[in-house]
Amino acid sequence: MSLKIPKIIAHRGSPREAPENTLASFRRAKAAGATWVEFDVALTRDARPVVFHDDALDRTSDGQGLLAETDFEIVKHLDAGTWFGPQFAGEPIPTLEETLELLAELGLSFNMEIKTDPGREAELAKLVLLIARDIWPEMLPTPLISSFSRIAVAAAREVAPDWPMDVIYDRIPAEWKDDAKTLDLAAIGANHKHLTREQVMDIRGFGLKLSSYTVNEIERADLLFQWGVDAIFTDVPGDMVRHFGN
Ligand code: G3P
Ligand code: MG
C-alpha cells in the first residue's frame, strides 16, 4: 500500500496555541497551514474511544485519576481547555467520531496514534479502526495508523488490511525489519533524539517512510530532512510550514 505523508504533521494539533488534542487545537493547526494532524486515542472505562494523550486526566483536564478507570458519562463533561487558558474554558475531550468528522470537514488528514492501554491494546485498536473506516471519506488522503504497541498494530491490521501503518519507537530496535515484515508496515516512527543518519538511510533503503517526533527547532528539522526523514511531528506547525512548506 502506498503512503503519502507531508513533511509537517501537527502534533496533537497546534498545542502551543490551543489545548492539545482538542477540536480547537485541530482548527488552529489547519489555520497554521498544516495538512495533517497527529492525535492520540484511548479508551474510557466503558470502552468509548476519546482523543487524549496521558493515562491520567489531571494534566490536561479538570478531571482526576485514570481515563481508563473513568466512564464516558464523566469524561464527556470534563473541561480540557481551562488549564491552557480561560478563552478555552469548556473545550471538551473530543470523541474519536467528533474528531474525525471535524478533520474531514476541514480536509485535514491524520495520523492516529493508538495508545498502549495495557491489556486493552487489541480491543482499542480494533474498535478505533472500525470507527475510522466507517467515518473517513475515501476521497480524502488515506491516514496513517500508529502505535508504540505491536499488539495494537497487529490488531489494527486485521480490521484495515489496506491502510498504511507504522510502529513508533523511542530507540529503533535491531529487529525493526522483522516488525516491518510481520506487520506489513509502510513506515517507521522514531524519536529524533536517538535517530542516526545511518538508521535513516537503512530504513529508507528498505523502502519504508520515516517519521520523527517531536521536532520543534528549525535547524534540527532541516538536518533530519537532509538525512532523508520524510515527515516530522511538531508542536509548532505554523513555523515549520512557513519554513519548509508541506
Ligand atoms: O507519534 C509521535 C508522537 O505522538 C509519539 O509520542 O507521547 O507525543 O504521543 P507522544
Ligand atoms: Mg502521539
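Here the convex hull built on the C-alpha positions of the chain has a volume of 114 cubic angstrom per residue. Please compute the alpha carbon radius of gyration of segment 113-246, then divide it by the globular-protein estimate 2.2 N^0.38 Å. Two decimals is fine. So segment 113-246 has a normalised radius of gyration of 1.08.
Heavy-atom surface analysis with a 1.4 Å probe gives the chain a carbon and sulfur content of 49 percent of its accessible area. Each residue of segment 105-110 is assigned a 3J(HN,Hα), and the resulting list reads 4, 7, x, 9, 7, 8 Hz, derived from the Karplus form 6.51 cos²θ - 1.76 cosθ + 1.60 (θ = phi - 60°), x at Gly and Pro.
When DSSP beta bridges are restricted to pairs lying wholly in the chain, around 15% turn out antiparallel. Taken over the C-alpha atoms, segment 15-109 has Rg and Dmax values of 12.6, 37 angstrom. Converting phi to 3J(HN,Hα) with the Karplus coefficients 6.51, -1.76 and 1.60 and the offset θ = phi - 60°, segment 176-188 yields 4, 5, 5, 4, 4, 6, 4, 9, 6, 6, 9, 7, 10 Hz in sequence order, with x at every glycine or proline.
Accessible surface calculations at 1.4 Å, restricted to protein heavy atoms, place the chain at 43 Å² per residue. Straight-distance candidates among the lysines for linking to residue 4, with alpha-carbon spacing under 26 Å and chain neighbours fewer than 8 residues away dropped: 30, 115, 126, 177, 181, 193, 209.
Ranking 75, 88, 107 by Cα position along the charge dipole of segment 72-114, where only Lys, Arg, Asp and Glu carry charges on their C-beta atoms, puts 88 farthest toward the positive end. In segment 8-64 the Cα-Cα distances spread across 5 Å bins starting at 0 as 4, 21, 27, 22, 15, 9, 3, 0 percent of all pairs.
When every alpha-carbon pair in segment 80-120 is counted, what percent end up more than 15 Å apart? Mind showing how you got there, number by number?
Working: 498 of 820 pairs.
Tail of P(r) above 15 Å: 61 percent of Cα pairs.
The values are calculated or read from the model by the stated rules, or taken from the named source; none is laboratory data. Quick caveat, the model's predicted, so the values are computed rather than measured. For neighbour counting, all protein chains shown are included, and Cβ atoms are generated from backbone atoms with ideal geometry for every residue, glycine included. These accessible areas exclude ligands, DNA and RNA; they are computed on the full protein's heavy atoms, side chains included. Shrake-Rupley method; radii C 1.70, N 1.55, O 1.52, S 1.80 Å.
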